[in-house]
C-alpha cells in the first residue's frame, strides 16, 4: 500500500498553538506528512466576519510532491464549514469556532488535523481521480447523523468533538468502504491507527469521573481501603 503524501500549509499567523512537529512525526502506514510550510494570509476576505469564499482560496495551490495539500486558517469559510475541498486536491481547514469547541473539551488541535487527514486519505482512495470540491458535490459517504464517525457531516460545528475525541468508522461506512476497491489492509490499518487518537490520560479520567460520579466515589473508597490494609500489613511486617 503506497502512502499518501500530505503537505500542510499554515495560512498566515495562527493564534491557536499547533505543534506541527507532532503531526509530522505521527506514525501511520496510510499517509506521510511530506512538508509543513507557511503562506501569507489570503487577501480580499470580508474583514468584519473574517469569511472567505471558495473562489477567494484559489491562491492556495497543491504543493509539489504531495497528493493532498491541507491549508489551515483562522478565518471562517463559505457556509461556515470548517473544511472546504477545492479543485486539485487542495483542502482548507478552518479553526474558526471549531478550535474553541475542541479546546473546551480538552481535545488537542493536532488530533483535529490528523483526524481530518485520515478522512481525506480515505476519500482520496474512494475518488482516485480527484477529491470532489465541496461546492460541486458532497461525497455520498458523508452522513447527517452524528455517530463519532470520520464521515459525520458535523453541520453543527460543536458536533466535531464526538468524531475527534474518539474517531471511528460507523457500520454503514464500513459496509460502504468494503464494497470499494481499496488497497488491501487499509481498513484494518485505519481502525488501528484511529484508536491512537485519544485525549491525554488525565482528561479521560476526568471525563469518566464526570460521567460516573457514584462509581468513581466507590472506586476511590475501595482503593483507599485497600491501600490502608496494605499499609498496615507492611507496617506489621516491618515491626514484626
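So what is the diffusion coefficient of the stretch 125-177 in µm² per second by Stokes-Einstein at 20 °C and 1.002 mPa s, using a Kirkwood Rh over Cα pairs?
On the way: Rh = 11.9 Å.
For these conditions, the coefficient is 181 µm²/s.
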Query - For the stretch 47-99, alpha-carbon Rg and Dmax in angstrom - result: 10.9, 36
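Based on the Cβ-Cβ distance of residue 58 and residue 27, what FRET efficiency does E = 1/(1 + (r/R0)^6) give at R0 = 35 Å, to the nearest 0.05?
0.55
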**Report entry** Label-to-label distance, nm, for residues given as residue 39 and residue 172 (7 Å Cα→Cβ offset)
**Finding:** 3.4
Report task. Using R₀ = 25 Å, calculate the FRET efficiency as 1/(1 + (r/R₀)^6) where r is the Cβ-Cβ separation of residue 80 and residue 13; round to 0.05. Result -> 0.70
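Output the relative contact order of the stretch 4-199, whole-number percent, from Cα pairs under 8 angstrom with separation of 6+ residues.
Numbers: 319 pairs, mean separation 35.6, N = 196.
In percent, rounded to a whole number, it is 18.
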**Report entry** Long-range Cα-Cα pairs in the stretch 4-199 (distance over 23 Å), rounded percent
**Finding:** 39
Query raised in the report: Per the Cauchy relation, a quarter of the hull surface: what is the mean projected area of the convex hull of the alpha carbons in the stretch 1-88, in nm²?
Result: 6.3
Query raised in the report: Label residue 192 and residue 2 with points 7 Å out from Cα along Cα→Cβ: what is the distance between them in nm?
Result: 2.2
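Quickly rank 148-157, 53-62, 84-93, 163-172 as a protection proxy: mean count of other C-beta atoms within 10 Å, highest first.
Details: 148-157: 17.8, 53-62: 15.4, 84-93: 20.9, 163-172: 19.4.
In descending order of packing, they fall as 84-93, 163-172, 148-157, 53-62.
Express the relative contact order of the stretch 100-200 as a whole percentage, based on alpha carbon pairs under 8 Å and six or more residues apart in sequence. All intermediate terms of the calculation are to be shown ahead of the outcome.
Working: 98 pairs, mean separation 30.4, N = 101.
Relative contact order of the stretch 100-200: 30 percent.
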Query raised in the report: So between residue 214 and residue 184, what do we pick up on full extension, going 0.36 nm a residue minus the alpha carbon distance?
Result: 6.2 nm
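Coordinate-derived values only; no laboratory data. Everything quoted here is computed from the prediction, not taken from an experiment. Counting neighbours? That spans all protein chains shown, and the Cβs are built from the backbone with ideal geometry, glycine included.
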